[in-house]
1. Quick one: how many residues across segment B:62-75 are surrounded by 10 or more Cβ atoms within 10 Å (Cβ to Cβ) and at pLDDT 75 or above?
2. Tell me, which residue of segment A:176-194 that is more than 8 Å from chain B (Cβ to nearest Cβ) and surrounded by 18 or more Cβ atoms within 10 Å (Cβ to Cβ) is farthest from B:Leu14 (Cα to Cα)?
3. Consider B:Leu84 carefully, then state whether it is farther than 30 Å from A:Leu142 by Cα and modelled with pLDDT of 90 or more.
4. Name the residue, out of A:Met53, A:Met159, that is closer than 22 Å to A:Cys180 by Cβ, within 13 Å of another protein chain (Cβ to nearest Cβ) and modelled with pLDDT of 80 or more.
5. Only residues that are in contact (Cβ under 8 Å) with a residue 24 or more places away in the chain and either within 13 Å of chain B (Cβ to nearest Cβ) or of a type in the set (Ser, Thr, Tyr) (or both): list them for segment A:140-153, please.
6. What residue, of A:Asp165, A:Asp172, is within 26 Å of A:Phe84 (Cβ to Cβ) and under 14 Å from the mean Cα position of the chain (by Cα)?
7. Look at segment A:158-175 and say how many of its residues are within 17 Å of B:Lys16 (Cα to Cα) and in a helix (DSSP H, G or I).
8. Looking only at segment A:195-207, count how many residues are buried (at least 16 other Cβ atoms within 10 Å of the Cβ) and not in a helix (DSSP H, G or I).
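The values are calculated or read from the model by the stated rules, or taken from the named source; none is laboratory data. All figures in this text were calculated on a predicted structure; none of them were measured in a lab. Here the Cβ is made from the backbone with ideal geometry for all residues, glycine too, and neighbour counts use every protein chain on show.
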Amino acid sequence: MSMSEPVTTPESGTPVATLEGDLVRKARRGDLNAYDELVKRYQERIYATIYHMTSNHEDANDLAQESFIKAYQALKSFKGGSSFYTWLYRIAVNKTINFLKQRKNKYHLSLNDLDFNAEHDPDLVALVSDKTPLRDAGLAELQKKLNEALLKLSEPHRMVVVLHDVQGVSHDEIAEIMGCNIGTVRSRLFYARQELQGHLAEYMKPA
Amino acid sequence: MNQSEHNFGNLKRLLKLKRQEVPPPGYFNTFSDSVISRIRAGEAGGAQSATERLHVTAPWLVNFLNIFETKPGLVGGFAVSLCLLLVLGVVFSERSDSATKNILATVQSAPANDSLALVAAPPMASVTDSSGIIASTNPVTSLQPVATMFGQPNPALFQAASFAPAGTGN
């Protein structure tokens, strides 16, 4: 993203939305520089969502690239009924769920490294050192267990947890992205968390 | 729902760990370039380069060439062996030519009474007509001499005919 342009999220205000609309219009006419801007704007969030769903860097890389390519090819069919961001998310989510259905039971973990900040995150440090019965379990071990537990969830449940609890996407937006109503999103989130808590019981004490 | 939100507090804190998982350093610096180049490649309408076509049609050849990239010493060895093969091919082809000539010479100098030898044709008395076509009355020679055209006559199958005109006898 160039330094002259405002670095903001699509939810934050009108100027960005207008700018996004301009970029989408230009990209639809075949302007690849405009589309490059759009890719740079959303690449981290799209990659992260797919990565948290697959727990595999290589798969996330391929799927994220393919999602952006498919979005570009389908740009002419984008009516603007929702934001480009939501529409792009929907493409990535569908692509990931289809991929996971084909990959069923053949997955392997290829986890990304933890950011340096993780070691200094007070919540996580407290969780590992105080709340965990297995005091020797380091963050890396916890990361592995967490990803294994996530992979035990069904795809729709995992997607809701990833989008809401990891990515911070609102219930409304998740409903739009996944093509279901808010009640379904809340219900999936509840059961997914419950299941996840069961899988990770030995790492957590009740609050 | 608030109660359940409260119950899931630890889980949500644990899930924050996911946010700290990051791809390899510098990964996003080249990500958009990869996407755009793949889009451009797709727009080129499947106009693959010769190398890409080779990857699809003859992957074994690509693997073979890749060996040379990793071990340059093998290129020299491969070139020397090719030259050696070429020289050997030339030498052997010359030898086989001389051997053929020897065999032909042996056949031509073989004795005439050999049953398998070619029957020498009698001197041809040829006549050249006005149109320049060579006509000959000599029989066509064959490799195996045949006594008669229909083989040996069988005396049991026919009897000699005799003719006596009326009034000449008795």
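1. Going through segment B:62-75 one residue at a time, the tally reaches 4.
2. Filtering first and then ranking leaves A:Glu176.
3. Values: farther than 30 Å from A:Leu142 by Cα: yes; modelled with pLDDT of 90 or more: yes.
Yes: the conditions hold for B:Leu84.
4. On the way: A:Met159 fails: within 13 Å of another protein chain (Cβ to nearest Cβ).
Of A:Met53, A:Met159, the one residue that is closer than 22 Å to A:Cys180 by Cβ, within 13 Å of another protein chain (Cβ to nearest Cβ) and modelled with pLDDT of 80 or more is A:Met53.
5. Filtering segment A:140-153 down to residues in contact (Cβ under 8 Å) with a residue 24 or more places away in the chain leaves A:140, A:142-153.
Answer for segment A:140-153, where residues must be in contact (Cβ under 8 Å) with a residue 24 or more places away in the chain and either within 13 Å of chain B (Cβ to nearest Cβ) or of a type in the set (Ser, Thr, Tyr) (or both): A:Ala140, A:Leu142, A:Gln143, A:Lys144, A:Lys145, A:Leu146, A:Asn147, A:Glu148, A:Ala149, A:Leu150, A:Leu151, A:Leu153.
6. Values: A:Asp172 fails: under 14 Å from the mean Cα position of the chain (by Cα).
Only one candidate qualifies: A:Asp165.
7. So the first thing to find is which residues in segment A:158-175 are within 17 Å of B:Lys16 (Cα to Cα), and the list is A:158-170.
From the residues that got through so far, the ones that are in a helix (DSSP H, G or I) too are A:158-166.
Adding up the residues that qualify gives 9.
8. At the first step, the residues of segment A:195-207 found to be buried (at least 16 other Cβ atoms within 10 Å of the Cβ) are A:195-197, A:199-200, A:203-204.
Now restrict to residues that are not in a helix (DSSP H, G or I): A:200, A:204.
Number satisfying all stated conditions: 2.
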